[in-house]
Amino acid sequence: MERVALLRTSGRRLLQRCGRPRPLVPAASSSAPRRRLTSSSASPSSSSSSSRGGSSRLLAAAAPLHLHAAGRYWPLTAPGLARRLSVPAVSTSPSPVPSDTDDVHEYAAKLGFEKVSEQVIDECKSAAVLYKHKKTGAEVMSVANDDENKVFGIVFRTPPKNSTGIPHILEHSVLCGSRKYPLKEPFVELLKGSLHTFLNAFTYPDRTCYPVASTNTKDFYNLVDVYLDAVFFPKCVEDFQTFQQEGWHYELNSPEEEISYKGVVFNEMKGVYSQPDNIMGRVSQQALSPDNTYGVDSGGDPNDIPKLTFEEFKEFHSKFYHPSNARIWFYGDDDTKERLRILSEYLDLFEASPARNESKVMPQKLFKEPVRIAEKYPAGQEGDLKKKYMVCTNWLLSEEPLDVETELALGFLDHLLLGTPASPLRRILLESGLGEAIVGGGVEDELLQPQFSIGLKGVSEDNIEKVEELVMQILKNLAEEGFAPEAVEASMNTIEFSLRENNTGSFPRGLSLMLRSMGKWIYDMDPFEPLKYEQPLQQLKARIAEKGSKAVFSPLIEKYILNNVHRVTVEMQPDPEKASRDEAAEKEILKQVKSSMTQEDLAELARATKELKDKQETPDPPEALKAVPSLSLQDIHKKPIHVPIEVGEINGVKVLQHDLFTNDVVYSEVVFDMGSMKKEHLQLLPLFCQSLLEMGTKDMDFVQLNQLIGRKTGGISVYPLTSSIKGKEDPLTRIVVRGKAMSTRVEDLFHLMNCLLQDVQFTEQQRFKQFVSQSKARMENRLRGSGHGIAAARMDAKLNAAGWISEQLGGVSYLEYLRDLETKIDQDWDRISASLEEMRKSLFSKEGCLINITSDSKNLEKSGQHIAKFLDALPSAPSLGSDPWLSRLPSVNEAIVIPTQVNYVGKAGNLYQSGYQLNGSAYVISKHISNTWLWDRVRVSGGCSIA
Ligand SMILES: [Zn+2]
């Protein structure tokens, strides 16, 4: 389950993840022993600090909630999952399915649905009809095309009035059993047994979404039915114990012991409230909109969650989880009639309610003058606290909703300002040396009123005001001088490429479209409009061509930012005592609770605690389990998906070709062997990759180089890749250079790759210093927010060489290395620069190179000559042979202390050492254990999350 909050780290919005498993991709990859990809700090996913960009709706084509496909990087679909090499990014754009529409509308009318509007949407090759259920007012968007990855979602407007976390607790609780599916957690049964390609739920600040997706029609309708029954008829509104389990309760194992708080959401939010970036995002949003629902936290403030009563919880459900307050989305190649038939069975059971009026989100009135806020955050003792301040300036852009073209133009502006490392606002802020990394996500337009945020973290106390002044100065200069034409062209190409490629990876395309449409629909605006970008895009391009980009963008900067006094500057101060103070305050409250209780009360609480635990540990009766629909073996395709591979050779280098329809995009990876690199250079590798992309060549500084990449291609990234090899001690270690371009630009793509590999100069000491500070800030953030990942990496590093390498490049060891490096750069720069040069020489040669290329046969054939030219230009260096990578961390138990309110614990062992042979059983067993025994003990009874 996920809580969607407007949080931004290094310029990208984060999703808050709850502890439920995240089955965003087919099950095998989520629970399988992972293919080991090197640290996120070295990979595109983390360089994603630079890969933010554009308004969410603008670039929503690429997994809108996670990350945009802007800049040089790749769309990330399922954060944290191994997907970079596993899924060739192939577009198979859907096309509308012709259907006998009169017949469908007649059938719809019979079921009580009235057609509101009908449109063909060329941008997603779909025919879409908006229906209204006459009796209840429920709205249904039925999108028909030939995409077999069908998507359903039901969304309720759920604006909270306080920070007790009702929407979030409800989002968890409705999936704990319902009328037709009366077991403890049908959700978990679905996780175990269905073929879903997506199964999850999100809590936004003002809405709650329940989406599912599957390519199997029978499975799809099973999922739809379980979700509809869950939202409309959940057991949790009658069952106090579910509320206690998912929300909060006092736990007392025996009257002599201390009382403690327990609850899944309670614990989850304690984790969220420990992370400085999260605190910054929340405080900024609340301060921008103090007077409406965005002034409180829909996820729940751990201080307020225990104030929530069961009565309020039930009332919230009955008010807002009602068809009159629902927006329902269907997408894919299934039958429209069947969609409506299933829906009518549920909707007909309700009468109209006033929920839709009561759930309206009121706009925040614009301030008359700017506001400043200071807030403390829990910091560790290490390092110089005076340099750990954070500051972010935020604007609420408008009281009224903006028209499409203005919104689109703001999206472009956002990309121009911040979209790539070369973008001026981002670049100048980082180059100023006032802070270590960017905070604030630029333009954010998924809520009622758009906002803009930008700031820095790792700022020293005396520089706080300077950051805000600098932000204003840069914006003022840009408004006066305009943007470079090359920058405008690069942003235009990047955004257009992303929109047309519409590559959402393994994130269902229909879900990406639903979330995009919902951004307007949820506020009673036109749900079709966000799906139709073509016309406004052409208009904007025409306007820029006619009047020049300055005439388009300068007035936007002036009106919405510079002259807009609805501005909130948030300063965050490190406080090493805060965590222990909060803990003491919680203990004190619990002590008072206990002392206010009589002996009988305490005995009763101990009894209730035991009763809840017993219930949690009692398995569901078999008849209840049978209620959850599952597929039989006949329902499942026996053949695996076939990816065509043709192995060939160009100039003595192995080339893998995949002949697939890609909508004229050519995807390519050039892979080099890392084995020829000196072992002592290993930890420099992530920074080496970043240097290739962000240092510039003899003829071009990095800004020009980045603009060229943006103008000519769909993006280039460079990252290390590590994996264990079956039956071998020595792991696979590679450097991947990945790029994509339209077929007419393949020559440019390979030429630019060649530039990056051979011409980049490792001479920019100050830029390198920035890379180190940014990486360090990112790693420190990971340490708090993804402690389970850190723990897992640490354990892997004790068990095998591939794990050891990954940990060196993205674990605690890497953070230690970065902290050390930061202090050495000034004295040691010549040596570091020489090492980078040496790494290039040892890594990039024809020997050990492999090329992987995906497009249709015509494009593959045409690309051959450009590949040959690229290879000709590569130096030839006879391999010197290399020592195997056999290092491990010492095999001892460890405890690592970090300043958060949550602990992360892990345990690992090597199955192969106990005689296991790879045959797939471990995948099944690991999925089974996670969704059964571990789920019940760790999450349900313990109130913790399983990672
Ligand atoms: Zn959650």
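Computed from the coordinates by the stated procedures, all read-outs in this text should not be read as laboratory data. Everything numeric in this text was worked out from a predicted model, so none of it was measured. Glycine also receives a Cβ, built like all others from the backbone with ideal geometry; neighbour counts cover every protein chain displayed.
Structural remarks
- Centroid-to-centroid, using Cα positions, segment 158-187 and segment 197-239 are 11 Å apart.
- In straight-distance terms, cross-link reach from Lys132 covers every one of the lysines whose alpha-carbon lies under 16 Å from its own, apart from those fewer than eight places away in the same chain; here that gives Lys110, Lys115, Lys337.
- Dipole axis of the chain (+1 Lys, Arg; -1 Asp, Glu on Cβ), positive-most option in Gln683, Ala579, Ile896: Gln683
- log₁₀ of I(q)/I(0) at q = 0.26, 0.28 Å⁻¹ - segment 128-183, Debye sum with one point per alpha carbon: -1.03, -1.06
- Across every pair of non-identical alpha carbons in segment 753-845, the mean reciprocal distance, once inverted, gives a Kirkwood radius of 14.8 Å.
- Length released on extending from Glu837 to Glu577, taking residue separation times 0.36 nm less the Cα-Cα span: 89.1 nm
- Bridge orientation summary for segment 648-873: considering DSSP beta bridges with both residues in this region, about 80 percent are antiparallel.
- Of all beta bridges that DSSP places with both ends in the chain, some 80 percent have antiparallel geometry.
- Segment Glu480-Ser630, length gained on full extension (0.36 nm per residue, minus Cα span): 47.7 nm
- Trp933 paired with Lys613, simple spin-label distance in nm, labels 7 Å along Cα-to-beta-carbon: 1.9
- Segment 748-785 and segment 399-417: distance between their alpha carbon centers, rounded to Å: 30
- Globularity index of segment 218-304, i.e. its alpha-carbon radius of gyration over 2.2 N^0.38 Å: 1.47
- 5 Å binning of all Cα-Cα separations within segment 368-407, expressed as whole percents from 0 upward: 5, 12, 21, 13, 11, 12, 10, 8, 6, 3
- Cβ-based exposure ranking for Thr662, Thr932, in which fewest neighbours within 10 Å come first: Thr932, Thr662
- Estimated FRET transfer efficiency when R0 is 35 angstrom, pair Glu604-Ala895 (beta carbons, to 0.05): 0.40
- Taking the convex hull of Cα positions in segment 648-873, its mean projected area over all directions (nm²): 13.4
- Alpha-carbon Rg/Rh ratio, for segment 308-450, with Rh computed the Kirkwood way: 1.11
- Per residue, the average separation of C-alpha pairs within less than 8 Å and at least 6 apart gives the chain a relative contact order of 18 percent.
- Straight-line cross-link reach from Lys862 at under 18 Å between alpha-carbon atoms covers these aspartates and glutamates, not counting any fewer than eight positions away in the same chain: Glu646, Glu649, Asp659, Asp664, Glu669, Glu747, Asp748, Asp872.
- Taking only alpha carbon atoms, segment 439-547 gives an Rg to Rh ratio of 1.04, where Rh is the Kirkwood radius.
- Sorted by Cβ neighbour density within 10 Å, fewest at the top, the residues Ser506, Ser453: Ser506, Ser453
- Using only Cα coordinates, the Kirkwood hydrodynamic radius of segment 575-679 works out to 23.3 Å.
- Filter on Lys184/Lys638; Lys262/Lys587; Lys386/Lys769; Lys235/Lys360 - keep pairs with C-alpha separation over 22 Å: Lys184/Lys638; Lys235/Lys360
- If you wrap the tightest convex hull around every Cα atom of segment 245-357 and split its volume per residue, you get 202 Å³.
- Placing a pseudo-label 7 Å from each Cα along the Cα-to-Cβ vector at Glu338 and Glu623 gives an inter-label distance of 3.0 nm.
- Spin-label pair Glu148-Ile825: with each label point 7 Å from Cα along the Cα-Cβ axis, the two points sit 5.0 nm from one another.
- Within segment 625-648: backbone nitrogen closer than 20 Å to the Thr217 label point (7 Å, Cα to C-beta): 629-639
- Along principal axes, Cα extents of segment 712-787, largest first, whole Å: 44, 43, 25
- Efficiency of FRET between Ser876 and Gln766 - r from beta-carbon atoms, R0 25 angstrom, step 0.05: 0.15
- Cα gyration tensor, the chain - rounded (a/c under 1.5), prolate or oblate: rounded
- Mean projected area in nm² (Cα convex hull; one quarter of hull surface) for segment 631-690: 8.9
- Using a Förster distance of 35 Å, the FRET efficiency for Glu558-Glu461 (Cβ separation, nearest 0.05): 0.65
- Span from the segment 249-277 Cα centroid across to the segment 577-639 one, whole angstrom: 11
- Dimensionless Rg over Rh [segment 329-371; C-alpha; Kirkwood]: 1.32
- Between Phe661 and Leu349, the contour length at 0.36 nm per residue exceeds the Cα-Cα span by 107.8 nm.
- Burial ordering of Ser214, Ser178, fewest other beta-carbon atoms within 10 Å first: Ser178, Ser214
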